[in-house]
Amino acid sequence: MKQAALTATVTIETELQKQIEDIIDTIQCPKNFECYTSGFTKLCRARDIGLESFVACLGRDPLACKFSIRFGELFFCQCALRVCISKKLRK
């Protein structure tokens with residue numbers, strides 16, 4: 001039973017790694033993917049609010065980020081990698 005759980009975990013991690021690598025191949029990051037290369041320790045502040053392609057941007061200066069979009073008084077992050085990290089890793 002433990003082996004099956006371990007295999008499932010490794011498969012999920014492998015699938016997530018592939019998804020992250022695919023995202024990295026498709027976007028240009030002005031921060032050189034620091035969120036990924038730091039092992040997900042250096043992340044801009046964001047919160048998953050249930051939207052499929054966006055997370056709420058909680059950064060200090062969202063206008064300085066090329067991935068931030070404003071909607072009224074709120075800012076949303078549309079960086080596919082940050083969205084994936086928030087939704088899949090809950091960070």
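Every number in this text was worked out from the coordinates using simple rules, so none of it is lab data. A quick note: this is a predicted structure, and the numbers were derived from the prediction, not measured. When we count neighbours, we look across all protein chains shown, and the Cβ atoms used for this are built from the backbone with ideal geometry, even at glycine.
Tabulated values for the structure
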quantity: Total residues in segment 15-29, condition in a loop (DSSP other than H, G, I, E, B) and either loosely packed, with under 10 Cβ neighbours inside 10 Å or of a type in the set (Asp, Glu) (or both); calculated: 1
quantity: Members of segment 56-91 found to be under 9 Å from the mean Cα position of the chain (by Cα), surrounded by 15 or more Cβ atoms within 10 Å (Cβ to Cβ) and hydrophobic (A, V, I, L, M, F, W, C), listed by number; calculated: 79, 80, 81, 83, 84, 85
quantity: Any hit, segment 66-79, residues being without any contact (Cβ under 8 Å) to a residue 60 or more places away in the chain, part of a strand (DSSP E or B) and polar (S, T, N, Q); calculated: yes
quantity: Residue tally, condition touching a Lys or Arg at 6+ places or on another chain (Cβ under 8 Å) and either among the aliphatic types (A, V, I, L, M) or closer than 11 Å to residue 80 by Cα (or both), over segment 10-63; calculated: 8
quantity: Considering residues of segment 45-63 that are outside any loop (DSSP other than H, G, I, E, B) and touching a Cys at 6+ places or on another chain (Cβ under 7 Å) only, the residue nearest to residue 74 (Cα to Cα); calculated: 57
quantity: Members of segment 34-55 found to be of a type outside the set (Phe, Trp, Tyr) and crowded, with 19+ Cβ neighbours inside 10 Å, listed by number; calculated: 35, 44, 46, 55
quantity: Sole residue being on the phi < 0 side of the Ramachandran plot, in contact with a Phe, Trp or Tyr (Cβ under 8 Å, 6 or more places away or on another chain) and hydroxyl-bearing (Ser, Thr, Tyr), chosen from 38, 53, 68; calculated: 68
